[in-house]
Structure formats: C-alpha cells, structure tokens
Amino acid sequence: MKRIFVINWILIVAFIMSAISGFGLHVAGHGNSHEAWHNCAVFHVLSSVLFLVATIFHVTTHWGWYKGIIKNGISRKSKITAILPIIFLLLSVTGIVLLGVNGANSPLGLWHYKIGIITTTIAIGHIIKRLPVLHKSLNTRKQ
C-alpha cells in the first residue's frame, strides 16, 4: 500500500478515537466521577496527539495542493477542504492551550468543544467524499 494511503488510514482511526473521546470527555464533564473524566481526558490527549502527528504527515503529502492555492488562488479548489485545515489549526491551538488548564468546565474548553463539533462535521464530509479512493487502496492485488 502506498505511503499516502497508510497515512490516510491512520488518520481516520486517530480521528475516530479523538472525536469519540472528545465527545466522551464532554459527557464525563457533566457527571460526578472525576476518575471517569480524567481517564477520558488522558485518552483524548493521547489520541489527539496521534491525530495531530498524522495530520502533519497528511498535509506534507498534499503540500502541492496547498502551494497551488497560494500560486493560483482557491477558485478551482474545494472550499470545504480549504477551510478544514484552518478550523483544525484553531482546534489544535485551543487543545494545546487547554493542556495548561487545570480541571474541567473552562470557557476555553467549551470553545474547543464547539470548534471540535464543527471540525468533526466537516472532516466526516471530507472523509466520505474520499471513501471510493480509500476503498480502492485496500485492494492488495496487483493490477
């Protein structure tokens, strides 16, 4: 399997883990078990770091796409795909800043959660659009 597809599949798994644990963290914040919240927070941080690293590799493999936007403008590019890295950057920055926040229910955490919902929605659309190519990448027979 080509390197780009390996990165894409890792990215999808990391995305699912990060999104589910993020929503789980929000739910755990409404409960009364600090241990459940803490465990969810640890899993969310670990899966999100994996997601961030996979995203960096993903962006580097598509660097020509970004250079095309800089050189030729966004006219023929997918607007949703162009917005996704910007929203993800905002999500990542708020998440990294949250590492320095102690405890649950911070205003920044709520912003991170809302941005996470937007990012998750757009990312799901981004993934669905590419499912046929991803599915073909699983075909291991030589053609």
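The values are calculated or read from the model by the stated rules, or taken from the named source; none is laboratory data. What you see is a predicted model; the values in this text were computed from it and never measured. With ideal geometry, Cβ positions are generated from the backbone for all residues, glycine too; neighbour counts draw on all protein chains shown. SASA here: full protein model, heavy atoms, side chains in, ligands and nucleic acids out. Shrake-Rupley method; radii C 1.70, N 1.55, O 1.52, S 1.80 Å.
Listed values, structure above:
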{"item": "Positions within the range 110-143 being in contact with a helix residue (DSSP H, G or I) (Cβ under 7 Å, 6 or more places away or on another chain) and open to solvent by 100 Å² or more (accessible area, probe 1.4 Å), in sequence order", "result": "Trp111"}
{"item": "Residue count, the range 67-83 (criterion: open to solvent by less than 60 Å² (accessible area, probe 1.4 Å), out of contact with any helix residue (DSSP H, G or I) (no Cβ under 7 Å at 6 or more places or on another chain) and at pLDDT 80 or above)", "result": "1"}
{"item": "Flag if Leu138 is more than 15 Å from Ser18 (Cα to Cα) and modelled with pLDDT under 90", "result": "yes"}
{"item": "Within the range 89-109, tally of residues that are open to solvent by less than 40 Å² (accessible area, probe 1.4 Å), within 18 Å of Phe43 (Cα to Cα) and not in a helix (DSSP H, G or I)", "result": "1"}
{"item": "Residues located in the range 8-36, provided they are open to solvent by 50 Å² or more (accessible area, probe 1.4 Å), closer than 17 Å to Gly95 by Cα and aromatic (Phe, Trp, Tyr)", "result": "Phe23"}
{"item": "Pairs, first farther than 28 Å from Ser21 by Cα in the range 74-96, second modelled with pLDDT under 90 and open to solvent by less than 80 Å² (accessible area, probe 1.4 Å), C-beta under 9 Å, six or more apart", "result": "Ile74/Ala82; Arg76/Gly68; Lys77/Trp65; Lys77/Gly68; Lys77/Ile69"}
{"item": "Verdict on Leu99 being within 18 Å of Leu52 (Cβ to Cβ), over 14 Å from the mean Cα position of the chain (by Cα) and in contact (Cβ under 8 Å) with a residue 24 or more places away in the chain", "result": "yes"}
